[in-house]
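Remarks on the structure that follows.
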Amino acid sequence: MPDVQAIIQAMLAATSAPGHEDKPRERLPAIAISRDYGSGGDEIAQLLSQRLHLKVYDREMIDKVAQRIGTDPQTVRQLDEGIGRVREMWLTRLFSGQDLSPDTYKRHLVDVILSLGRAGGVLLGRGAHVVLSTSTALRVRITGSPEMCTRRVAAAEGLSYDDALDKVREINHNRGKFVWDLFHVRTSDAHNFDIVVNTDRLVDFNQAAAMLENAYHAIGGMTTEADAAAG
């Protein structure tokens, strides 16, 4: 498998070459959030985006990948559910002539994430924390115990505890497998994040959003100053 960081660095170099932009634009915050299902990660992302006046990118990333590949978003969403399914979609490639290989999907996804990272926004999942690991983005992992996540999902979706637990396990497994299949990185590895938040004892998700806002200004600000000094 090609080195992921080498690919990302090459794409960054290409897009930052002289003449690529007519004039510099104001740098907006970029936050990459990886989250457990039921941890409140989606809610915290929305609250954080409101505090920083940013857009949240979730399924929108997949829509942008679909535009680049030249296929419909529904097809790409099937890949989004598990990159291993790409190998099962050879008939689609055969009859449509579209390149739906894992390498093509990864290349376009990385390009989309890099573009959004430069533009600023809150990026949910899909390995954005891996792709933006060399940028000024704040990389966040939002997690919770299986018990607490299950109780939240059961209450929010009207499920029994057992059904909610099955759903939590399945979604978290698929999310972790997706990142591993694409980037060979474990979402459970804390070294890949600037901050890890366990929401088990959080009553108000606004507190987490405020904390992450402060963390961005602390970590992102220091990184920006370091980049300026190096330049």
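The values are calculated or read from the model by the stated rules, or taken from the named source; none is laboratory data. These numbers were taken from a predicted model, which means no experiment stands behind them. All Cβ positions, glycine included, derive from the backbone under ideal geometry; neighbour counts span all protein chains shown.
Applying a threshold of 6 Å to beta carbon distances and a minimum spacing of six or more residues, or different chains, the list of pairs starting in segment 185-211 at a residue that is in contact (Cβ under 8 Å) with a residue 24 or more places away in the chain and ending at one that is buried (at least 16 other Cβ atoms within 10 Å of the Cβ) and hydroxyl-bearing (Ser, Thr, Tyr) reads Thr187/Ser34; Asn198/Thr143; Thr199/Ser39.
If you filter segment 182-203 down to residues that are part of a helix (DSSP H, G or I) and of a type in the set (A, V, I, L, M), you find that the one that is farthest from Arg107 (Cα to Cα) is Ala190. Annotation: of all residues in segment 151-165 being touching a helix residue (DSSP H, G or I) at 6+ places or on another chain (Cβ under 8 Å) and over 27 Å from Leu182 (Cβ atoms), the one that is surrounded by the most Cβ atoms within 10 Å (Cβ to Cβ) is Ala164.
Hey, does segment 137-146 have a residue that's of a type in the set (Ser, Thr, Tyr), at pLDDT below 90 and crowded, with 19+ Cβ neighbours inside 10 Å? There is no residue in segment 137-146 that is of a type in the set (Ser, Thr, Tyr), at pLDDT below 90 and crowded, with 19+ Cβ neighbours inside 10 Å. Within segment 194-221, if we keep just the residues that are at pLDDT below 95 and touching a Lys or Arg at 6+ places or on another chain (Cβ under 6 Å), the residue that is surrounded by the fewest Cβ atoms within 10 Å (Cβ to Cβ) turns out to be Glu213. All conditions in (1) among the small types (Gly, Ala, Ser); (2) under 16 Å from Gly41 (Cα atoms); (3) assigned to a helix (DSSP H, G or I) hold for Ala164, with the sole exception of (2). For segment 114-129, a tally of residues being among the basic types (Lys, Arg) and farther than 21 Å from Trp180 by Cα returns 1.
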